[in-house]
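The values are calculated or read from the model by the stated rules, or taken from the named source; none is laboratory data. This is a predicted model, so every value here is computed, not measured. Because the Cβ atoms are built from the backbone with ideal geometry, glycine has one as well, and the counts that use them run over all protein chains shown. The protein model used for the area step is the full one, side chains on, heavy atoms only, and it has no ligands, DNA or RNA in it. Shrake-Rupley method; radii C 1.70, N 1.55, O 1.52, S 1.80 Å.
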Amino acid sequence: MTATPVLSTFYQHSVADYWNSEQNPVNLRLGEVDGIYHHHYGLGEADWSVLEGPEATRRQRVVEELHRLEHAQADTLITNLGPLRPDHRVLDAGSGRGGSSLLVNLRHGCHVDGVSISESQVVFANEQARMRGVADKVRFHFRNMLDTGFETGSFQAIWNNESTMYVELSLLFAEHARLLSRGGRYVCITGCYNDAYGLPSRAVSQINAHYICDIHPRSTYFKELAANRLVPINVVDLTAATIPYWELRAKTHLATGIEEAFLEAYRDGSFQYLLIAADRV
């Protein structure tokens, strides 16, 4: 039997190339604070005092504050996974450098599998698990979230943290529904464009170009969840809660130039930051 290739389209190759070579300080410097490397944004009120005080330590204060907001976002996602036991198995779909997976294991002690189409991220994340002494329970794999190869019904929970915009939702949710046990929980935090606004705004198009992604309309999430036996139990608009993160980041040495596009899109209503939790029925 011939194994299915992990990367099956030119687009997937381009995304993998991007993340294999990515060395953005806004990801790496923040992870150096405590060894938890995230690839997502932050939530909550920012402590603006980090921009004041001694200039010699200002950059470190900024890094620590942005990382605190990242942790708050991860904590929000993990809380919505519901009660998990050490014998449970969970999946991080689009696991990046492994931060969320490590935090889920730290909180619940459960088995975590992370999948990514970036081989360099998989190597990095597995090394982080080894250094923390949890490699027996937290493992990262060079696999495609649309076709993981894992056993049907083998997971009690699955999440996507800002990774759904790289795939077709119909294919993604079909695979998640296959992998989840009945009653299992799916959670995603994602940016989506607001159908009520119309077509994607200029700012949303700028975000797409910056990250080589394709932001989906809000309605597509709910249509494809319903089509794949995933029933939403909690939907939270996090847009207002993420704006302070972007406002702070825009004023720091870690700004990448995309901050104003995010802020414009959030403020004009064309872009929303949502948490969706759904149960497999």
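Just to confirm my numbers, what's the Cα centroid distance between the range 209-277 and the range 113-179 in Å?
Here the two parts' Cα centres lie 21 Å apart.
Quote the relative contact order of the chain in percent (integer), defining contacts as alpha-carbon pairs under 8 Å separated by 6+ residues.
Once divided by the residue count of the chain, the mean separation gives 19 percent.
Which residue, Val50, Ile233, Ser14, has the largest displacement toward the positive end of the dipole of the chain when charges sit on each Cβ (Lys, Arg +1; Asp, Glu -1)?
The Cα lying farthest towards the positive end belongs to Ile233.
Using a Gaussian network for the chain with springs between C-alpha atoms less than 10 Å apart, which of these wobbles most: Gly94, Gly42, Gly183?
Maximum among the listed residues: Gly183.
Mind telling me which of Ala74, Ala240, Ala56 comes out most flexible in a GNM of the chain, alpha-carbon contacts under 10 Å?
Checking each option, the largest mean-square fluctuation is seen for Ala56.
For Thr256 and Ala196 in one chain, what is 0.36 nm times their gap in residues minus the Cα-Cα distance, to one decimal in nm?
Gain in length upon complete extension: 18.7 nm.
What translational diffusion coefficient, in µm²/s and rounded to a whole number, does the Stokes-Einstein relation yield for the range 230-281 at 10 °C and a viscosity of 1.306 mPa s, taking the hydrodynamic radius as the Kirkwood radius over Cα pairs?
Taking Rh from Cα pairs, D becomes 128 µm²/s.
Among Pro5, Leu28, Gly94, flag the residue with its Cα farthest along the positive direction of the charge dipole of the range 1-95, charges on Cβ as +1 for Lys/Arg and -1 for Asp/Glu.
The residue sitting most towards the positive pole is Pro5.
What fraction of the DSSP beta bridges in the chain is antiparallel, stated in percent and rounded to the nearest 5?
For the chain, the DSSP antiparallel bridge percentage is about 45.
With a 1.4 Å probe and every protein chain kept in, tell me what percent of the accessible surface of the chain is carbon plus sulfur.
Ligands and nucleic acids excluded, carbon and sulfur reach 54 percent.
Give me the distance in nm between label points sitting 7 Å out from Cα along the Cα-to-Cβ direction at Thr79 and Glu55, one decimal.
4.0
For the chain, what does -39500 (n - 2.57) per DSSP helix run (n ≥ 4), summed and divided by total residues, give at 222 nm, in deg cm²/dmol to the nearest 500?
Computed ellipticity for the chain at 222 nm equals -13000 deg cm²/dmol.
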